[in-house]
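None of the figures in this text is laboratory data; all of them are computed from the coordinates on show. Model, not experiment: these values are computed from the prediction. Here Cβ is always computed from backbone atoms with ideal geometry, including for glycine, and neighbour counts include all displayed protein chains.
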């Protein structure tokens, strides 16, 4: 599982050490040598788990899909983003944060006010 690209659809075999990586950053973290760049890519689809080769010099729009299962593997990368969250207790256990206190006198068991609508019922 790649921590750099969250929606990686294929694994790439590095030609220098012949190991499988999700992205070049994963190779840089695991290996002690730079990534050797070649024109031919060896890939494994994460959906069907089958390997295939692609030539990066003759890459066409039809080559964006796995030849075995038609999984679209050329996508815009989703990278993790730093975010700040307000920590609180689980709202499923304690719903004080989502309660609406504006209608304090309202009885929620009745759909309408009987005294107000008695004239309308006829």
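Numbers at a glance
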item: Segment residue 69-residue 33, extension gain: residue separation times 0.36 nm, minus the distance between their alpha carbons; result: 9.6 nm
item: Relative contact order of the stretch 10-72, defined on C-alpha pairs under 8 angstrom at six or more residues apart (%); result: 26
item: Among 2-9, 34-41, 75-82, the order from most to least packed when residues are scored by Cβ within 10 Å on average; result: 2-9, 34-41, 75-82
item: Exposure proxy ranking, count of Cβ atoms within 10 Å, fewest first, for 13, 53; result: 53, 13
